[in-house]
Amino acid sequence: MTQARRPNDAGQAFPIYIMVVAGLLFLAFAYLAVGQAAANRNGAQTAADAAALAAALDTRDELTKEWVENVLDPTKWRDIFDGLGVPYDGCARADQLAAQNDATVVCGAVTGEYPGYEVEATTNKTVGDSIVPGTENRKSKQQATAVIEPACDFDPLAADAGADVLPKLTCDDGDWTLDPKHLEDLPGPEDLFDVHLAD
């Protein structure tokens, strides 16, 4: 014989149902807050990466110009490939790229095995309102470093032979045999230098 359900059973279950629904809503809003923070952090990292690379690429182009101007003086090549001889003022380009990614940056040149730029990007947008206190005014910050690595090498002894015989460049993408009397076809910036984000 089936026992009849007491009239107050439904009334007892209703508060539990409300608590479960409230808990699920809280979790949903918490996940949303985490997603908002992650998206803002990713935006800051994208801005930092782009700004650091832009600054390094700008200086890479200046180093290439310096090399072209001194192509007939191989004794200067080593310093140029080591990143010397040009001002490191690529941070203006970093500012432009950061603005395109809705961020601002603090940028500076770095020295080490390979020269380059270190950038800290801060998003202009905040994480936004959420159930997590304090996020409404919080901005994301991320850092990135881009370095300029020589992609070519040459025999330093050949550099002392004079401008009549230029050293052969051994580059990552192939060798360049340069004729001092025919310099119409020279390697470009992407041939001479490798710009990449540092680990």
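The values are calculated or read from the model by the stated rules, or taken from the named source; none is laboratory data. Being a predicted model, the structure only gives us computed values, none of them experimental. Virtual Cβ from ideal backbone geometry, glycine too; neighbours counted across all protein chains shown.
Could you say which residue among Val105, Val86 is surrounded by 20 or more Cβ atoms within 10 Å (Cβ to Cβ) and not in a helix (DSSP H, G or I)?
Unique residue meeting the criteria: Val105.
Considering only residues of region 111-137 that are at pLDDT 75 or above and surrounded by fewer than 16 Cβ atoms within 10 Å (Cβ to Cβ), which is nearest to Asp89 (Cα to Cα)? Before the answer, list the steps.
Taking region 111-137 as the starting set, the residues that turn out to be at pLDDT 75 or above are 111-125.
Within this subset, residues satisfying the condition of being surrounded by fewer than 16 Cβ atoms within 10 Å (Cβ to Cβ) are 111-113, 124-125.
On the way: Thr111: 14, Gly112: 17, Glu113: 19, Asn124: 24, Lys125: 27 Å.
Result: Thr111.
Sort through Ala144, Ala198 and tell me the only one that's closer than 27 Å to Gly90 by Cα and at pLDDT 95 or above. If you could, list the steps in order and put the result at the bottom.
Details: Ala198 fails: at pLDDT 95 or above.
Sole residue among the options that is closer than 27 Å to Gly90 by Cα and at pLDDT 95 or above: Ala144.
For region 177-195, name all the residues that are in a strand (DSSP E or B) and modelled with pLDDT of 95 or more. Give the derivation first.
So the first thing to find is which residues in region 177-195 are in a strand (DSSP E or B), and the list is 179, 182, 193-195.
Those that are in a strand (DSSP E or B) and modelled with pLDDT of 95 or more: Phe193, Asp194, Val195.
Among the residues of region 49-89 satisfying the criterion of being small (Gly, Ala, Ser), at pLDDT 95 or above and touching a strand residue (DSSP E or B) at 6+ places or on another chain (Cβ under 6 Å), which is farthest from Phe154 (Cα to Cα)?
Ala51
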